[in-house]
Structure formats: C-alpha cells, structure tokens
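Quick notes on the structure that follows.
We did not get these values from a lab; they are worked out from the coordinates using the rules stated. Owing to the predicted nature of the structure, the values given are computational and were not obtained by experimental measurement. Note that each Cβ is placed from the backbone with ideal geometry, even for glycine, and that neighbours are counted across all protein chains shown.
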C-alpha cells in the first residue's frame, strides 16, 4: 500500500476494504455481523487489559484466549451478560481466529500443526460436559400426518385433501429449507415465490 502511487492509493485501499468485506460476509450476512461484534468485544477486552488486539507482543496467545473464553462463558463479556454454552464460546473463539487470518496474521488458536491448541480444546470439552443437554421439541409422529390425510380422503372434500397435502408439505419441506434450496444461493429463508403447486 505504501508503494502505491498517491493517485491510485485511495482507490486501492477502497478495493482492498471491499474485498475483505465481501470475503467476510460471503454467504451469511448475519454471521458476518456477529463476527464483527465478537471482534469488537475482543478488542475491548484487549484494551482493558493493556494488550495489543493482534497479540503481536504476546509470546503464547493461548492463555489470553483462554481468559477471554472464560469471561465470555460466565457472561462478563457475552452480549447479554448471561452465561453461555460451550458451543457458543467455541464459535466466538473460532470467529476471532478467522478474523486474525483475514487481517493477515496467524490464527492464535491453532498450533504449529494447524489443530486447535489442546489447552483450548480441553477447556471447551470440559464446559461441554458441564452444559445440560439441549432441550429439543419432538416433532409430531408421522402417523398423525397419515391419519389427517386418510380422514381427508374419506371425506371426499377437495378442500380437506388440499389441506392434508399442505400439512405434508409444511412438515417435510418447509421445516428444512436448507436441504431443498440450491447451495449456490447460500442460506436464506424459504419464500412464497419458491413454492409451486400443480394439479395432477
């Protein structure tokens, strides 16, 4: 950048910033915003502890990442200031590492072999054991859908048969739009224009 002619330096800087932004937001704008927020929290943590946010002067960055992770886990640094699950902390640390890479430095969470440092992975593994299992809502059994469809067929009313068909569509198709939309389009909500109905 310093070697670029003054006449083209500003244009080059703008293009570089746009390229970085495009790479950061590729495929998922909300995730990119979340990573930007995480990076802001990281920078505030470093400033409060009189550390360079790129850890340029720190010989071993892993203990710093572990302290940050600990504070994020117990809620001191989390967005809502509530304790968070291990998986959330893992995502935050991964996002910070990716930002390091995008800024042109090495990922501080990885060791020389390209694996997550064992100290970090052991810390997060311990938290995963401490976390309660996720509470999942069970879907309705498939027999309920079959019963609705059989009752609709028995009634002979086209409106009820159509409604039963729509229930099948809602259950199998709309619950998992990611499995049915083209990967090239990225992750996005299912829209009305994505659906088409045919008679026969």
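In terms of Cα atoms, the Rg and Dmax of region 65-170 work out to 23.9, 69 Å. Exposure proxy for 197, 77, 55, 103: other Cβ atoms within 10 Å of each Cβ, ordered fewest to most, give 197, 103, 55, 77. Here the label points at residue 122 and residue 173, each 7 Å from Cα along the C-beta direction, are separated by 5.2 nm in the simple model. Note on region 23-123: semi-axes of the ellipsoid equivalent to its C-alpha gyration tensor, largest first and rounded to whole Å, are 18, 17, 14. Placing a label point 7 Å from the Cα of residue 71 along the Cα-to-Cβ direction, the residues of region 77-96 with a backbone N closer than 16 Å are 77-84, 89, 92-93, 96. Taking a spot 7 Å from the Cα of residue 60 along the direction of its beta carbon, which residues of region 104-146 have an amide N less than 11 Å from it? In region 104-146, the label zone of residue 60 (backbone N under 11 Å from the point 7 Å along Cα→Cβ) covers 119.
With 0.36 nm allotted per residue and the present C-alpha distance subtracted, the residue 147-residue 194 stretch has 14.1 nm of extension available. Taking label positions 7 Å along the Cα-Cβ direction at both residue 105 and residue 44, the computed distance is 2.0 nm, reported to one decimal.
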